[in-house]
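Asks: This is the structure I have questions about; it appears just below.
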């Protein structure tokens, strides 16, 4: 039985072209990019070419691109590196990724007062609410570009404009946006932006933080001069090359793939609404083209995910970083869903590898599992 993978917001399959691009830098071009000899020089050249490619594709400057191990580290580096040493007020939303929420929990323990801005029933922050949360002593704010659970696109442009007016640093978690919607760091006008390669068919273990002025960052780690002295440790040249290649492929295919993926996602959503009484969590239109978070009345979401796995369909109840948590999705609760409604919700996320045949097969399997649970009153 060929499996159907609909959990691409958690991770994606690495593109074979990305593997090919990486291969020389595992061997034979295995030099340390900090070494002065020929092998080191070749590694440094490949690393800097990767940095230049990423900067060009995301409309930034090469000096603004700092390699990291992924989105979680990039978010930590931005938030903990921009906050300053003395406690000051910070603003975030109630639907951020666990890696961002964890940073703010740490800042609270360090004495930073935090305001968490609510969202509406579609999971979108109101610019006016975010602006009202800013105070005269606010130094830092963060708002994700695309929500990882619902795909809702947040009003980053407007929030960034207000942050600039008030002199507040704004970090944007762009992990679920990069490779799915057009992103220009320059046009967003934010202080920093994070990305992660394995969300757009790149390798796991590599990401980047794009920072307007890297010299303003306080390093979170110490012990090395790498990455402009901001992120110490020997760079993985192979992974950096893979990140750049994956981003290039994602941007090149975006125009053609967005319509196709969006059409498949709409087909899945419409069929499950008709066959299983599904309800959409999140905005109907202004969201990532690959994501549908659906609520199924009378369903135990975790039990359904396990049952679907036996049918060969991979999906999830929300963020992979919160998998196994005893409480329902904090994003769905923030949108006003009850615990029962949140527990009956499943996230489906597609990629450019997803086919029409797979979607139609998934619809049949999902409808069967949902109808069985609803009939037996399992929830």
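Asks: In degrees from 0 to 90, rounded to the nearest 10, what is the angle of the helix 301-310 Cα long axis to the longest principal axis of the chain?
Replies: 90 degrees
Asks: Rounded, prolate or oblate: pick one for the range 131-276, where a ≥ b ≥ c are the square roots of the eigenvalues of its C-alpha gyration tensor, a/c under 1.5 means rounded, and failing that, prolate if a/b is larger than b/c, else oblate.
Replies: Numbers: a/c = 2.40, a/b = 1.27, b/c = 1.89.
The shape class here is oblate.
Asks: What percent of all Cα-Cα pairs in the range 212-331 falls in each 5 Å bin, counting up from 0?
Replies: Values per bin, smallest distances first: 2, 8, 11, 14, 13, 12, 12, 11, 8, 5, 2, 0.
Asks: Would you work out if the range 144-219 is rounded, prolate or oblate? Take a ≥ b ≥ c from the square roots of the eigenvalues of the alpha-carbon gyration tensor; rounded if a/c is under 1.5, else prolate when a/b is larger than b/c, oblate otherwise.
Replies: On the way: a/c = 2.31, a/b = 1.30, b/c = 1.78.
Since a/c reaches 1.5 but b/c is at least a/b, the shape of the range 144-219 is classed as oblate.
Asks: Which whole-number percent gives the relative contact order of the chain, counting Cα pairs below 8 Å spaced six or more residues apart? Walk me through the numbers on the way to the answer.
Replies: Numbers: 752 pairs, mean separation 87.4, N = 379.
Contact order relative to length: 23 percent.
Asks: Among DSSP beta bridges whose residues both lie in the chain, state the antiparallel percentage, nearest 5. Please report the intermediate quantities before stating the final value.
Replies: Working: 21 of 37 bridges.
Around 55 percent antiparallel, to the nearest 5.
Asks: Another question, if that's okay. Compute the separation of the alpha-carbon centres of the range 255-278 and the range 188-234 and state it in Å as a whole number.
Replies: That distance is 35 Å.
Asks: Can you give the relative contact order of the range 22-113 as a percent, counting alpha carbon pairs under 8 Å and 6+ residues apart?
Replies: Across the range 22-113, relative contact order equals 16 percent.
Asks: Among [x] 67, 54, 34; [y] 51, 50, 44; [z] 72, 51, 39, which is the computed Cα extents along the principal axes in Å?
Replies: Given [x] 67, 54, 34; [y] 51, 50, 44; [z] 72, 51, 39, the calculated one carries the label [x].
Asks: Compute the helix-to-body angle for 156-166: its Cα long axis versus the longest principal axis of the chain, expressed 0 to 90° and rounded to tens.
Replies: It works out to around 40 degrees.
Asks: What order do you get for 139-149, 191-201, 106-116, 355-365 when each peptide is scored by the mean count of other beta carbon atoms within 10 Å, highest first? Can you show the working numbers first?
Replies: Values: 139-149: 26.2, 191-201: 28.1, 106-116: 14.0, 355-365: 16.4.
Descending packing order for the listed peptides: 191-201, 139-149, 355-365, 106-116.
Asks: How tilted is helix 38-57 with respect to the longest principal axis of the chain? Cα atoms for both, answer in degrees (0 to 90, nearest 10).
Replies: Long axis of 38-57 versus the principal axis of the chain: about 50 degrees.
Asks: Counting helices only, and only those DSSP H runs with n ≥ 4, report the 222 nm mean residue ellipticity of the chain as the sum of -39,500 (n - 2.57) divided by its residues, in deg cm²/dmol to the nearest 500. Provide the component values of the computation, followed by the final result.
Replies: Working: 12 runs with 154 residues, N = 379.
The per-residue figure over the chain is -13000 deg cm²/dmol.
Quick note: the coordinates plus some simple rules give every number you see, no bench work behind them. Here the structure is a predicted model, which is why all the values come from computation and not from measurement. Here the Cβ is made from the backbone with ideal geometry for all residues, glycine too, and neighbour counts use every protein chain on show.
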